[in-house]
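Working notes for the structure below.
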Amino acid sequence: MRQKFSTWLRGIPLRWRLTAWYVFLLALILAGFSAFIYFNMSRSLKQGLDSLLFSQGEQVLSSLDNENGLPRLDPNLPLLPGTYFGLYDTGGKVLDTNMPADLAIGFQVKGLTASRPATVEIKGVEWRVLLVPVREKGQQPYWVLVVRSVEETEEPLDRLLLFILIAIPMTLLVAAGGGIFLARRALQPIDRIAAKARQISATDLSRRLDLPHGNDEVGHLVATLDEMLDRLDRAFQRQRQFTADASHEFRTPLAVIRSQAEAALQRQHSPAEYRQALEIIRDQAEWMGNLVAKLLLLARSDDRMEQMEMEPLDLGELVEGVTAEFQGMAAEKGLRLVKKIKENVVVRGDQTRLTQLLANLVDNAIKYTPEGEVVISLERRGRQALLQVQDTGVGIPEEHLAHIFERFYRVDKARSRAEGGFGLGLAICDWIVRAHNGKIEVESAVGRGTTFKVWLPLNEGLH
Ligand SMILES: Nc1ncnc2c1ncn2[C@@H]1O[C@H](COP(=O)(O)OP(=O)(O)OP(=O)(O)O)[C@@H](O)[C@H]1O
Ligand SMILES: [Mg+2]
């Protein structure tokens, strides 16, 4: 039920809801304010009436005459119009009065408390009455009753009530109109943003909302959305570029395979020639297989499907393993492969991935170093493990340094290709390092060599 209500509420346009809230709150405030004024005014009018009764009562008392032992009132007593009095004996009999006879009889002295004003209803009309006791020496006690109609207090109250009952709805009506106008004005930019945003599709991410905006909430929204579009646009562009690059990579080996097969089919060849063609085809297929494996890995890393299997890992052992694996390749090129290992450097990581990381770096170092040495070193620096692969190779020109971790980025395309490189190795390294909460850095001087530094958090917390 409650949920239904809130769903229904959310279906109502925001400007109506805002206005409704605003009018509702204003109604509450006005009602409270009016009630306060009404009751205050009612109280002070009643107090005024009561003090008038007291003063009139005193006047009546001071002008009492005695005639044949009976009290009498001065007929010229200057009482306020609307003030009635009655002189009663203790039995409640009327001795003297300026009231119409039926009214005078209507008042019952019994039941009234002396000197305390009370309200009495006679034939549907309310009166405010004050009973004043009169005692004179040797005289029978009697009462003076002073009376005024409460109408004089009710009339201004009624007028006030009427005013309130007309003024409040009118104020609310005007406020609602103003509220809708203001809410519409305030929300107009949001409608415009929505309309503009609707026009921007995934295929057209280069467009921006591009709405004029100030330094307010709406302005921040527009700026934030435009920034988000920027990021999306860049991500889509990268993705498109990635697909284009990947397709492009496959063209050369496919062309080679096709031309080899066609040449082989065209005429009879010697077994040795067939063998050679098949070897070329096999190499190209292998190359494509490698590329597919790397592409798949990157694609899965993007989708976060590639899970890391984290376990405490001695990096020293890992370096030993990789160094041993690359010894042959280094020796073939006449390079020295040197390792400098500090013992007991343990991190939490995925063995397969960290091996791949180091292998990629060492592979690069050997590939891009014509002569000299490749040094792999491992040490602790504070709470980090620092793994470095240093070579005396060709180096990387400054302007390329920022890009080498991008997919398919190769400084010297022809050269890398000749070496069998795709430009994906460092992109994979970057992903692996980030998945381990680490950092990868590169320093390089053209012609002198390159150093890759990998920082990984040590596995200390668990001991
Ligand atoms: N140690 C290095 N010395 C000089 N240049 C390097 C070194 N390491 C990487 N590079 C440059 O950075 C580029 C990107 O390296 P990356 O490992 O990503 O690709 P690759 O080695 O060309 O191909 P892949 O690793 O995918 O087989 C390389 O093409 C190369 O130009
Ligand atoms: Mg590489």
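The values are calculated or read from the model by the stated rules, or taken from the named source; none is laboratory data. Everything quoted here is computed from the prediction, not taken from an experiment. In this analysis, Cβ positions are derived from the backbone assuming ideal geometry, glycine residues included, and neighbour counts consider all displayed protein chains. When the accessible area is computed, the model is the full protein with side chains, heavy atoms only, and any ligands, DNA or RNA have been set aside. Shrake-Rupley method; radii C 1.70, N 1.55, O 1.52, S 1.80 Å.
Checking Phe250 against (1) touching a residue at least 12 places away in the same chain (Cβ under 8 Å); (2) more than 19 Å from Ala359 (Cβ to Cβ); (3) exposed (fewer than 12 other Cβ atoms within 10 Å of the Cβ): exactly one of these is not met. Which one? For Phe250, the failing item is (3). Quick one: in region 439-463, which of the residues that are in a loop (DSSP other than H, G, I, E, B), away from ligand 1 (no atom under 11 Å from the Cβ) and free of Cβ contacts under 8 Å to residues at least 60 places away in the same chain is most open to solvent (accessible area, probe 1.4 Å)? Selected residue: His463. Among the residues of region 412-438, the one identified as more than 7 Å from ligand 1 (Cβ to nearest atom), exposed (fewer than 14 other Cβ atoms within 10 Å of the Cβ) and part of a loop (DSSP other than H, G, I, E, B) is Asn437. For first residues located in region 397-426 and acidic (Asp, Glu), partners that are near ligand 2 (Cβ under 8 Å from one of its atoms) and lie 6+ apart or on another chain with Cβ distances below 9 Å form the pairs Glu406/Gly423; Glu406/Leu426; Glu419/Lys367. Does Val389 satisfy the condition of being within 16 Å of ligand 2 (Cβ to nearest atom), open to solvent by less than 10 Å² (accessible area, probe 1.4 Å) and either at positive phi or assigned to a strand (DSSP E or B) (or both)? For Val389, the condition - within 16 Å of ligand 2 (Cβ to nearest atom), open to solvent by less than 10 Å² (accessible area, probe 1.4 Å) and either at positive phi or assigned to a strand (DSSP E or B) (or both) - is met. Please determine, by comparing only the residues of region 405-451 that are closer than 19 Å to Gly372 by Cα and away from ligand 2 (no atom under 13 Å from the Cβ), which one is nearest to the chain's Cα centre (by Cα). Filtering first and then ranking leaves Glu443.
Before we move on, is Gly124 under 26 Å from Leu45 (Cβ atoms) and out of contact with any strand residue (DSSP E or B) (no Cβ under 7 Å at 6 or more places or on another chain)? For Gly124, the condition - under 26 Å from Leu45 (Cβ atoms) and out of contact with any strand residue (DSSP E or B) (no Cβ under 7 Å at 6 or more places or on another chain) - is met. Got a sec? Which of Gly382, Gly372 is without any contact (Cβ under 8 Å) to a residue 60 or more places away in the chain and farther than 22 Å from Arg410 by Cα? The conditions single out Gly382.
Name, by its number, the condition in (1) outside the structural domain of Leu73 (by TED's automatic domain parsing); (2) under 24 Å from Tyr22 (Cβ atoms); (3) of a type outside the set (A, V, I, L, M) that does not hold for Gln188. It fails just one condition, (1). Residues in region 395-411 that are more than 10 Å from ligand 1 (Cβ to nearest atom) and among the acidic types (Asp, Glu): Glu398, Glu399. For region 202-224, what are the residues that are under 17 Å from Arg192 (Cα atoms) and open to solvent by less than 50 Å² (accessible area, probe 1.4 Å)? Within region 202-224, Leu209, Leu211, Gly214, Val218, Gly219, Val222, Ala223 qualify. Exactly one residue among Ala299, Ala277 is part of a helix (DSSP H, G or I) and touching a residue at least 12 places away in the same chain (Cβ under 8 Å), and that residue is Ala277.
The set of residues from region 13-49 being exposed (fewer than 11 other Cβ atoms within 10 Å of the Cβ) and not in a helix (DSSP H, G or I) is empty. With touching a Lys or Arg at 6+ places or on another chain (Cβ under 8 Å), β-branched (Val, Ile, Thr) and touching a residue at least 12 places away in the same chain (Cβ under 8 Å) as the only criterion, which of Thr97, Thr83, Thr19 stands out? After applying the criteria, what remains is Thr83.
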